[in-house]
Structure formats: structure tokens, C-alpha cells
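Heads up: the structure comes next, in C-alpha cells.
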Amino acid sequence: MVTAPISLAEAQQRIIKQLRQDPGLQPTRLGTERVDLIQAFGRVLATDLASPVDVPAFAASAMDGYAVRSSDSVFQNTAPHVLPVVGESRAGGGKPAPLPENSAMRIFTGAPLPPGADSVLIQENVEALSPDVDSAGQPRIRTQERTQPGQHRRPAGHDVRAGESLFSAGTRLNGFALGQLRACGITTVDVYRLLRVGVFATGDELREPEATLAFGQIVETNRFTLHSLLRPLPVEVVDLGILPDDPDLLRQHMRQAAETCDVLLTSGGVSVGDADHVKPVLEEIGELSFWKIAMKPGKPVAFGRIDDTLFFGLPGNPVSTLVTCLLLVKPALYQLAGTEPPQALRVPATAMHAFTHNPGRLEFQRGWYAAAELGLQVRNTGDQSSNRLRSFHQANCLIEVPADQARIEAGEQV
Ligand code: AMP
Ligand code: MG
């Protein structure tokens, strides 16, 4: 059993290392399912995907104007160049006839280039001449421009070529990816099954808000805040209710939940009080990896497993629960779900006020940052006590206060 506190960085490294190395914790254990694209938003791709086709499938015009052959003799003479207009090509208007030499075809954005044409004169650089006796009633154009090969032309496969790799397994599909897949004619994809994350709250004092609260009881909130925090992830959150501080019930429910969930989160009962049974129960029915981290809020955190179910016992204070979930659980869940955790942006900002801090533990205050003339500035959200959910009000960042720094002055960088 590890009793000395470890650093947050070490805790994060140990978790990621275990997840990478443990054959029982690889995303392939989740299995895959085939889903329609519309259901695939936010899911993690289980296979590599290449495009079966060229996109676009045909050479098309990028502009409204006139398709021409850049090598035509009419362009070798000095400007202006005058060309007869033979027909037109519209987007969705079918296959255009081949373009004869020394002539132009009216064309619109996205319309196929006629065979023979290799370039487009944009209409802004062209003067349409009214038909006259000379042209025997045929419309003509005049331009000063000597066109270049390939000008304003989108070749076939300009966006994606047939056989080109699109996405590799482990990619989390966002709207852009879905659009790209759809453009390539792919309508279903194989994704990993969602990671099942079971969430318990523990504590004799916790009640649902509908209950009449006896003196000393409080409304349970951690299941709600955890659920909201985890909703955007590729996971399915399973609400497992509130458990009392009773080791027998904890043992029974944790065992049972481990059979159906890939990950279990509990809040509360991981400290060293007489009512804190989560840690001993975990040691009894599973394995405990560590339980004290030198961070504030959130010192006691139990990490371990029950068979192939990963276990996080988070502290019960509402702020500690969320901060430890953000810093330790979230990255692990991405990894377990089969995709790289997004890197949190860590940037310097100017403190808008002085910060005081009890040296010893790395502290994460809830903060509000905004762009200022010379970079970012940041303030905290008031009283940072770990029972105050209100300290998340309007917060858009966490402010790192280094373990050994007792005071940060206004104007200093944090
Ligand atoms: P614990 O970690 O069990 O010692 O709990 C620390 C503090 O957080 C206590 O004041 C608990 O009443 C409170 N607490 C624990 N779990 C919850 C919860 N799920 N919702 C709201 N407050 C909680
Ligand atoms: Mg408790």
C-alpha cells in the first residue's frame, strides 16, 4: 500500500502507463458496432478508412466563367482574344460536349469541364459581345487575359483521391469528418462500443432532492455534475445511485457494477474517516494502485481495478470530485474509449489580483480568463473552498498555483 502522497503528474503518468500496457484495458475489448453516419458523431473509429472514390469524381470549374483550352492558338496572338461561345455546362446539367479548338464554353461553379478544356476564364475578366453580322449570330467573348493551364480548374480527386487514407482507427469523428466521409460515399462506419462508466455517490447524509431532508442531510449533486462533465466524451454514463457508508453494501454493489461497467467512479468515502470504506473495500475485492495525491482540491483519490473494470474513487467534496475528474479521470476515459485524450491548453496569464496559498500542494483554483491587450488575464471566482460548487460559477479555466508558492502578486504570471 502506498501512503506517501504522490504528485499529480506522477498519478497521471501511472494511469496512462497502466492503460497503455495492460492487455485487458485496450479498446479492442469494447468490440465494435456498425452505425449510420448520423449516429457516428463523437464516436471513435475502430478501423482505418480510405476513400473508395475520387472526390470530386470529375474535373470541374471553381468559378463562374468560360471553359477554354489554354494552348489554343487564339491565346498566342496579342490581346484581346476573341472566341465563339459554344454551349454551356451547368452544375448537375449532365456531361458537356467536347470543346472545339479556339472556342469557349459558358460554365458555372461546380460544373464539369468539357473534354478538351483545361482552364477557366472568370467572367469578371471577360466581355460578352452581342452577336453581330461578323459572327453570324453566334455569341462571342473578348478577353485581355492569357489563361494558364489548370486555372480555376478543380481536377478529379482534388479534395480526396481514390484509395487515399481518410482517417485511422482511434479518430474521434466530428462534423467535418462526417462530411468528408459522406462526400466519399461512405454511409456507415465501424466504431468502438461506448465505454460504460458507472457512477455511484456514497455517503449516509446524501439524499435525492425530492426527499424531505432530515437535519444534517444534504442533496446529492456529484452524480449530476459528473454526468454533465462526461457527457461530451465517447462514453455511456450509467447512474448507479447513492450508497450509504456501509462496507457490506459497498462491496456488494461495487462487485455487481464491475460485471457490467468498463469503469466505475465513486464519490466520497475515500479519506481516512471512520465512515470511509471505499478504499478498504477496493483492496478487498480488487487492486488499489494509490490513494493520495499532493493536489488541492482532491488529495485522496483511489485508483485501481476490479477484474478488468477500472476504478476511480473520487473525494466527495463537490469541487474535489470535479477537479479530480477533469485532471485524472477524463484523460483516462478517452484513452480507454480508444482515442487520444485532447491536450488541455496550458498558457500563461497575468493575475488580475493577488493569490494566497498554503504551500505544500499544487492547487487548482477555478478561474475566469479573458484576452487582454498583452495576452491573457485571469482572476479566480472567489472563495475557493472545496465544498463550494459556486466556485465553478463563470469559471472557464483552472489556475495552477505552484505547490511551494505562498503568494502570487497581482500582475505576476500564473
Ligand atoms: P467525503 O469525501 O465522503 O468525506 O465527503 C466530503 C464532503 O463532501 C462531505 O461534506 C460530504 O457531505 C460531501 N459530499 C460527499 N458526496 C457528495 C455528493 N455526492 N453530493 C454532494 N456532496 C457530497
Ligand atoms: Mg462521506
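The values are calculated or read from the model by the stated rules, or taken from the named source; none is laboratory data. Since we're looking at a predicted model, the values are computed, not measured. Methodologically, a virtual Cβ is constructed for each residue, glycine included, from the backbone with ideal geometry; neighbour enumeration extends over all protein chains shown. For accessibility, only protein heavy atoms count, side chains too; no ligands or nucleic acids. Shrake-Rupley method; radii C 1.70, N 1.55, O 1.52, S 1.80 Å.
Tell me, please, whether a residue that is open to solvent by 20 Å² or more (accessible area, probe 1.4 Å) and farther than 27 Å from LEU333 by Cβ can be found in segment 13-33. There is no residue in segment 13-33 that is open to solvent by 20 Å² or more (accessible area, probe 1.4 Å) and farther than 27 Å from LEU333 by Cβ.
Residue-level check: of (1) within 28 Å of GLY367 (Cα to Cα); (2) open to solvent by 10 Å² or more (accessible area, probe 1.4 Å); (3) in contact with a helix residue (DSSP H, G or I) (Cβ under 9 Å, 6 or more places away or on another chain), VAL329 misses just (2).
A quick yes/no check of all residues on (1) open to solvent by 60 Å² or more (accessible area, probe 1.4 Å); (2) under 30 Å from SER51 (Cα atoms); (3) modelled with pLDDT of 95 or more:
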site	(1), (2), (3)
GLU101	yes, no, yes
SER119	no, yes, yes
ILE122	no, no, yes
ARG146	yes, no, no
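Here PRO300 meets the list (1) in contact with a helix residue (DSSP H, G or I) (Cβ under 7 Å, 6 or more places away or on another chain); (2) within 15 Å of ligand 2 (Cβ to nearest atom) almost entirely, failing just condition (1).
Just one of (1) of a type in the set (S, T, N, Q); (2) within 16 Å of ligand 2 (Cβ to nearest atom); (3) buried (at least 18 other Cβ atoms within 10 Å of the Cβ) fails for GLN180. It is (2). The residues in segment 390-414 that are hydrophobic (A, V, I, L, M, F, W, C), farther than 17 Å from TYR369 by Cα and surrounded by 14 or more Cβ atoms within 10 Å (Cβ to Cβ) can be counted, and the count is 1. Condition check: touching a residue at least 60 places away in the same chain (Cβ under 8 Å), within 16 Å of ligand 2 (Cβ to nearest atom), part of a helix (DSSP H, G or I) and open to solvent by less than 40 Å² (accessible area, probe 1.4 Å). Does LEU226 satisfy that? In short, yes.
Whenever a residue of segment 62-85 is part of a loop (DSSP other than H, G, I, E, B), its partners that are open to solvent by 30 Å² or more (accessible area, probe 1.4 Å) and among the aromatic types (Phe, Trp, Tyr), lying with C-beta atoms within less than 7 angstrom and at least six residues away or across chains, give the pairs ASP64/PHE108.
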